[in-house]
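Data first, discussion second: the structure below is written as structure tokens.
The values are calculated or read from the model by the stated rules, or taken from the named source; none is laboratory data. Bear in mind that the values here come from a model prediction, so they are computed numbers and not experimental data. Don't worry about glycine lacking a Cβ; one is built from the backbone with ideal geometry, like all the others, and counts go over all protein chains shown.
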Amino acid sequence: MRRLLIVLLLGIGLAGGARAAIDTYTFSSDAERERFHDLTKELRCPKCQNQDIADSNAPIAADLRREIHRMLQDGQSDQQIVDYLVARYGDFVRYKPPLNARTALLWYGPAGLLLGGLLVLGVIVVRRRRVERTPSAARLDDDERARLAALLAHEERDTPYP
Amino acid sequence: MKRLILLLPLAIFLGIAVFLYRGLFLDPAELPSALIGKPLPAFSLPSVDEPGRTFTVADLKGPALVNVWATWCVACKVEHPVLNDLAGRGVTLYGVNYKDDTAAAQKWLKEFHNPYRLNVSDTQGTLGLDLGVYGAPETFLIDKHGVIRHKYVGVIDERVWREQIAALYQGLVDE
């Protein structure tokens, strides 16, 4: 039992060491750590296109992590930090692009297409319903009705057509 | 009219197809600088060549090219002869030695010739950060008021110079 306890304690010590090696930033509170985590997750590394700043090993991402940490320590708000980076790297660094004239198509395009599709589907369904509700004979005009009568008359007399 | 409505889905499909097809050939690595039209950020950094001397943004007088470079940057080595050539043709070049070892930078300039009118030593990368630099080489074209007019990411070769920068530079000189 005692040995197990020692092993466990040693294990915990190791885990702590490994964690410190990855995360070298110190935070004054858990809330601040949380903000740092969220910010580096939602900002994109300018160098390595499809990674966020938290994920990337690129030197620029490390610099930006350090910069974000520094700004958090300075007591700046999330918005100030994002604005600071956008001023330097453009909207590119944000994974969530702002809504403006240039990005309207991006934001509303898919919804617009979906609405268009639903509209077309609705029109087709309504039309088909209307056609089905009217009796079939009523859908024929006078000429067609005459032809139908003629065809049926042939059939009744059992003569080859025509 | 009915015919036209029947053709509408095809037209929409073709529109989207053309749109997406164009997207295939856009370079996603190309990000426009957020600093175009803005003045160079302020700084106060030491010189690479003359120890003890400090440069500020007022020392970078346009029209000129501000070239961000480093000795660890392989592409910069490729670019360097072109910069030497441009300097020889009278183009004003300023260097920002980005996150580099100053001694190595001095050695490089001695070995490969120095095309820069002056060289700012940005060992911490603070000026680079303010410039929105995310790698090297990057080159900014500034006008006589120190406003950034154009940014080129990557190696400037003879063709890039001729097709993308030369006319802009000449325009700023004539301004």
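For this structure, a couple of remarks:
- Criterion: under 22 Å from the mean Cα position of the chain (by Cα), closer than 21 Å to B:Tyr134 by Cα, surrounded by 14 or more Cβ atoms within 10 Å (Cβ to Cβ) and among the β-branched types (Val, Ile, Thr) - qualifying residue of B:Val74, B:Val91, B:Val57: B:Val57
- B:Leu20 vs. criteria assigned to a loop (DSSP other than H, G, I, E, B), over 20 Å from B:Ile142 (Cα atoms), aliphatic (A, V, I, L, M) and free of Cβ contacts under 8 Å to residues at least 24 places away in the same chain: no
- In segment A:90-111, the condition of being at pLDDT 85 or above, more than 30 Å from A:Lys47 (Cα to Cα) and within 13 Å of chain B (Cβ to nearest Cβ) is met by no residue.
- Looking across B:Gly171, B:Gly125, B:Gly146, one residue alone is modelled with pLDDT under 95 and within 14 Å of chain A (Cβ to nearest Cβ). It is B:Gly125.
- For segment B:86-151, the strands (runs of 3 or more DSSP E) that sit wholly inside it and include 2 or more residues that are under 25 Å from A:Ile53 (Cα atoms) are B:93-98, B:138-142.
- Any hit, segment A:53-64, residues being among the charged types (D, E, K, R) and either within 11 Å of another protein chain (Cβ to nearest Cβ) or surrounded by 11 or more Cβ atoms within 10 Å (Cβ to Cβ) (or both): yes
- Yes/no for A:Val123 being in a helix (DSSP H, G or I), surrounded by fewer than 14 Cβ atoms within 10 Å (Cβ to Cβ) and within 14 Å of chain B (Cβ to nearest Cβ): yes
- Filter pass, A:Arg70 being more than 10 Å from chain B (Cβ to nearest Cβ), among the charged types (D, E, K, R), touching a residue at least 12 places away in the same chain (Cβ under 8 Å) and out of contact with any Gly (no Cβ under 6 Å at 6 or more places or on another chain): no
- Test: residue in segment A:113-133 that is at pLDDT 85 or above, in contact with a helix residue (DSSP H, G or I) (Cβ under 9 Å, 6 or more places away or on another chain) and of a type in the set (Val, Ile, Thr): yes
- For segment A:55-84, the set of residues classified as modelled with pLDDT of 90 or more and either touching a strand residue (DSSP E or B) at 6+ places or on another chain (Cβ under 6 Å) or outside any helix (DSSP H, G or I) (or both) consists of A:Asp74, A:Gly75, A:Gln76, A:Ser77, listed by residue number.
- As a summary of the residue check, B:Gly62 satisfies the conditions (1) outside any helix (DSSP H, G or I); (2) more than 18 Å from B:Thr123 (Cα to Cα); (3) within 14 Å of chain A (Cβ to nearest Cβ) except for the one numbered (3).
- Qualifying position, being under 30 Å from A:Gln49 (Cβ atoms), within 14 Å of another protein chain (Cβ to nearest Cβ) and either surrounded by 10 or more Cβ atoms within 10 Å (Cβ to Cβ) or touching a residue at least 12 places away in the same chain (Cβ under 8 Å) (or both), among B:Pro28, B:Pro39, B:Pro9: B:Pro39
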